[in-house]
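What follows is calculated from the coordinates using simple rules that are stated; it is not laboratory data. This is a predicted model, so every value here is computed, not measured. As a convention, Cβ positions derive from the backbone with ideal geometry for all residues, glycine included, and neighbour counts pool all protein chains shown.
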């Protein structure tokens, strides 16, 4: 399964490292990554492959949320289909 | 890959514009539960519902986490109980209690289908059920009732209309201690839909399969946000185009969730209902969308035209986003559940008469409107008759869900809480309709019902 991780907040040192560390730990592969500043906020979007993940989707979501709180960022993980169905015909 | 701005747009819709899936409603046929003994019937009904829908709430929560989109309600609709209870002589209310127990056991907040279809007349079962509605609704929290009193094909059953005035008053009286809240669970329909997932009017129609998943989307907040950014210079073509595109996006969420829920529950997908259903959350208001179009306050002249545009564009945008569209599909205008409407009533912009006009061009009808507790039965019946006439002649669904709040008068405050909201009691025309309502019989079907 492919999911999209979104990290939104004020830019600071270690955001990519922090999120990547979690993904490495659970064997989640990063397929694509994009970062930009939108409406004054740092916004990072990652497309990840969870097919070989060592944890469940729910657990990863929980860990990322905690990780986000530590970094002062909002981190969401959602199935890729949400975005595909809304923005692609 | 999906573009960053698209990802952020979706996330904003969910986190700050109140986009959600309003309801996953599982329709369950109870036709195989029929039994001549009330107790046995109740046991069968309870067992069937709790068995078929045992995973409903859990599946809803799993989908919520997977897609990151809130699913506010998981609900159940069943075959009209008047049909199920027809063959047993016991008290219908026992079935309401069985439904309540099943809903409680499953953790669903509403169960619909304590219903009767009497547009052409009553059967024995219909009569017993309609008479039991006040007691059934005032002694339960989760059971919803509906009565269909008219169709375009059959005309208007004015005996039923007259009776529903009395039933509504009695239901209000029996729940007087809680601002007559039991009336919020009672809908009087014209051209009722068999696959409507929204409460209080959901029931599992007789043409429906054994069980089915219907989904109702929401999204007034998203629409409001999109239109408020459009600017005053945009003309109506541009405005309608934006509504269509936004409705498309909202509906695609509904389709995704509906397909996934149906797959996980191994139950066929029925329809996505395209309705814009407001909540009392800030900004999640149909009234505000109309005001975005340039109406100073909802209810001012131009409101009906604005609502007509909105309703039509929502359907046009939504219909391509879903494989099967059904239910009520349009904009809802439940006064107590829409902060913008409550505000419009408070400042005197929105009247009952204007709401009636608005129901000609949007889905449903006079919805969640508190009126004075001393409103005569016949006046309530006449309000129902007016709505029924609009539905019958225009070949559309209309409904009346009004609450004659016992002991309160026009201008008083009411509070129902939660999704049901609250508001100000609206004044009702004080002239009598008694002699009109008491004639009884049926208003014949209009000429446009003869379509063959």
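Some points to look at:
- Ordering B:397, B:123 from the fewest to the most neighbouring beta carbons within 10 Å gives B:123, B:397.
- When peptides A:68-76, B:441-449, B:419-427 are ranked by their average number of other Cβ atoms within 10 Å per residue, the highest-first order is B:419-427, A:68-76, B:441-449.
- Calculated FRET efficiency for the pair residue B:435/residue B:58, C-beta based, R₀ 60 Å, to 0.05: 0.60
- Along each principal axis, Cα extent of segment B:116-185, largest first, Å: 39, 19, 16
- P(r) weight above 16 Å for segment A:2-87, C-alpha pairs, percent: 49
- Calculated P(r) of segment B:287-424 - Cα pairs past 26 Å, %: 24
- Fewest-first ranking of B:67, B:5, using other Cβ atoms within 10 Å as the exposure measure: B:5, B:67
- Among B:380-388, B:41-49, A:12-20, B:324-332, the peptide with the highest mean count of other Cβ atoms within 10 Å heads the list, and the full ranking is B:380-388, B:324-332, B:41-49, A:12-20.
- Distance (nanometres) between label positions extended 7 Å along Cα→Cβ at residue B:177 and residue A:62: 4.1
- Only alpha carbons enter this Debye calculation for segment B:366-452, each as an equal point scatterer, and the log10 of I(q)/I(0) it gives at q = 0.11, 0.15, 0.24 Å⁻¹ is -0.39, -0.66, -1.18.
- All distinct Cα pairs of the protein assembly as shown go into the 1/r average, and the inverse of that average, the Kirkwood radius, is 24.2 Å.
- Relative intensity of segment B:176-290 on a log10 scale, I(q)/I(0) at q = 0.20, 0.23 Å⁻¹, equals -1.12, -1.23, per a Debye sum over C-alpha point scatterers of equal strength in the absence of solvent.
- Along each principal axis, taking the top coordinate minus the bottom one, the Cα set of segment B:411-452 gives 46, 31, 14 Å in descending order.
- Helix-only [θ]222 nm of chain B, DSSP H runs n ≥ 4, -39500 (n - 2.57) each, per residue, nearest 500: -13000 deg cm²/dmol
- Taken residue by residue and averaged, Cβ atoms of other chains lying within 10 Å of the Cβ of A:35-41 number 2.
- Cβ crowding within 10 Å, taken as a proxy for footprinting-reagent exposure, orders B:431, A:83, A:42 from fewest neighbours to most as B:431, A:42, A:83.
- Square roots of 5 times each gyration tensor eigenvalue, C-alpha, segment B:210-365, largest first, Å: 28, 17, 13
- Shape class for segment B:8-155: prolate, because the ratio a/c of the largest to smallest gyration tensor axis (alpha-carbon atoms, square roots of eigenvalues) is 1.5 or more and a/b beats b/c.
- Rounded, prolate or oblate (a/c below 1.5 giving rounded, otherwise prolate when a/b exceeds b/c) for chain B by Cα gyration tensor: oblate
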